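Notes follow once the structure below has been shown.
The values are calculated or read from the model by the stated rules, or taken from the named source; none is laboratory data. The model shown is predicted, which means the values in this text are computed figures rather than measured ones. Cβ placement follows ideal geometry from the backbone for every residue including glycine, while neighbour counts extend to all protein chains displayed.
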Amino acid sequence: MYIGYRFSKSQPETGFFEQTEGSSLQEALDIIKLKYVDSVRIDTLQSNAIREMMNELDPHSVYLPPIDLKETNEDLSGNFQGIGVEFNLTRDTVNVTYVIKGGPSDVAGIHIGDQILKVNDIALTGMNSAKIKNAIRGERGSKALLQILRNNSLQTITVVRGNIPTPSVVAAYMIDKVTAYLKLDKFSSTSYREFMENMDSLKKLGMKDLIFDLRGNGGGYMEQAVEIADEFLDGDKLIVYTEGTNSAKREYRCKRPGIFEQGKLAILVDGLSASASEIVAGALQDWDRATIIGRRTFGKGLVQEIFELSDGAALKLTVSRYYTPLGRSIQKSYAAGKKVYMDEVWERYANGQAFFADSNKINVGKKYITHSGRELYGNGGIMPDIFVGMDTTRASRDINKLYFNGSFNDFVFHYYLDNKSLLSPYKSVSEYARNFEPSKEMWQKFVTWSQKDSVNLSVIPALEKGKVEDRMKAYLARFRWRDNGYYEVLNTKDSAVQKAIKILEAK
């Protein structure tokens, strides 16, 4: 009832909110406020009560306190207000790993490799990454007084904060003369525009075939997914439809000629491809428009809307389910509770589903037939047409330790700062990918570096050493050519990308 009262301003007049009697929840809050033995924060009690009520709904209906709502909006807005740097945090040291060209920090003279010690006299030592971001970010036009350490010299630099773009298209390049690769990592408010700009550039470079990478893309705005799917489908084909107990059925159809209606298309997905990603993949699979390659998707077929409350908080509430053009609901069960539901994707590693297609028990229940006669199923995600399992050669515990504690990233970062000249001869990422190989000297430095984490790499198997060196090579490329370079190098050994190239060549 309390939630209903807060919803009243955004809901149609039905008579429900016209009742004059107070709810039991409000009565309880009033009694606590008047009679409780100690002082109490009523707003905290209200927040906790709402949070508990939301926990009784589906896993994607959540209560968002004001600070969480701000972060959610920023994440999907396509930009934020800040100083325009990327950083990593290693052993309490904030290292600038990238400075956005033309951004506030670039204009002020911040360099890659600078260490930020203070922001407006606030020491960053001991803070986690989230608190550091909050200290660095601020309103556009406000000033951030940074104390930095550069080449063992303390300096103070003033940066005027501004709007910083956060692209959702993180890589777009030509693999060969006709095949392009494009990776989208979320569906933000700017994703469709970014997608179209990059597709236009790729077409000018000769793109005939496309590998569209949605792996790790957890979704975002549904309308952005619909707009992008429209660019691959012709006529007025149905893309998706939504329906709920309190939401009438609504169809989303193609409405314009698409930029890529005819070329050969492969979509890459995995267990973290969810929601809006599944809308795109599901529509293109149902219409036989693309070959879906990779691993079974997350299985989120619910649509949420955000309802703001009067205190600045909000409810992210599931209002309907969505269905693919053939009528498939790909929502997996959440009957066992939120924790089991969210952990299910990680259970796929333990039970073999991330490695072997036969372990995925999804081809059960109602059968759906595409126009070409292919059989598809719902309930539990989208099963790819071509399954590519994860590499069964897993990294050792010691290597994973270096990955997860940031030591690996820190080593490659400092190696880049000390050896920039090694990358200078390479004029393009493709040239670098073909010809650069980490040296014995680089590996030996990494072996020595790892000893401070009590890791002995002198006896690492040759196969695992080669994979670590491949990762070093890709990370070095990121510092020179950003994410585009990182993925172009990484994808030369990526099994799903290489499989997609072969599938497109064979069509």
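Structure values in brief
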quantity: Any hit, the range 439-458, residues being at pLDDT 90 or above, in a helix (DSSP H, G or I) and touching a strand residue (DSSP E or B) at 6+ places or on another chain (Cβ under 9 Å); calculated: no
quantity: When residues of the range 54-73 are limited to those that are at pLDDT 90 or above and among the charged types (D, E, K, R), the one surrounded by the fewest Cβ atoms within 10 Å (Cβ to Cβ); calculated: GLU56
quantity: Where a residue in the range 179-197 is under 16 Å from SER275 (Cα atoms) and its partner, wherever it lies, is surrounded by fewer than 22 Cβ atoms within 10 Å (Cβ to Cβ) and of a type in the set (Phe, Trp, Tyr), with Cβ under 8 Å and at least six apart; calculated: PHE187/TYR221; SER188/TYR221; SER189/TYR221; SER191/TYR221
quantity: Per-region count, the range 353-406, residues under 18 Å from VAL269 (Cα atoms), free of Cβ contacts under 8 Å to residues at least 24 places away in the same chain and not acidic (Asp, Glu); calculated: 3
quantity: Candidates GLU305, GLU278, GLU344 - the one that is under 20 Å from the mean Cα position of the chain (by Cα) and at pLDDT 95 or above; calculated: GLU278
quantity: Condition met for VAL96 (surrounded by 15 or more Cβ atoms within 10 Å (Cβ to Cβ) and under 16 Å from MET127 (Cβ atoms)); calculated: yes
quantity: The range 218-236, residues that are more than 21 Å from LYS507 (Cβ to Cβ), touching a Phe, Trp or Tyr at 6+ places or on another chain (Cβ under 7 Å) and either part of a loop (DSSP other than H, G, I, E, B) or not assigned by TED's automatic domain parsing to the domain that holds ILE306 (or both); calculated: GLY219, TYR221
quantity: Top-ranked residue in the range 106-150 [being assigned to a loop (DSSP other than H, G, I, E, B) and β-branched (Val, Ile, Thr); ranked as farthest from ASN163 (Cα to Cα)]; calculated: THR125
quantity: Any pair with Cβ under 8 angstrom, 6 or more apart, that starts in the range 22-46 at a residue that is outside the structural domain of ASP311 (by TED's automatic domain parsing) and part of a helix (DSSP H, G or I) and ends at one that is polar (S, T, N, Q) and surrounded by 10 or more Cβ atoms within 10 Å (Cβ to Cβ); calculated: LEU29/GLN46
quantity: Counted residues, the range 172-213 - those being hydroxyl-bearing (Ser, Thr, Tyr) and either under 19 Å from LYS493 (Cα atoms) or in a strand (DSSP E or B) (or both); calculated: 3
quantity: Single residue of the range 308-332 satisfying the filter (in a loop (DSSP other than H, G, I, E, B) and either within 23 Å of the chain's Cα centre (by Cα) or not assigned by TED's automatic domain parsing to the domain that holds ALA281 (or both)) that is surrounded by the fewest Cβ atoms within 10 Å (Cβ to Cβ); calculated: SER329
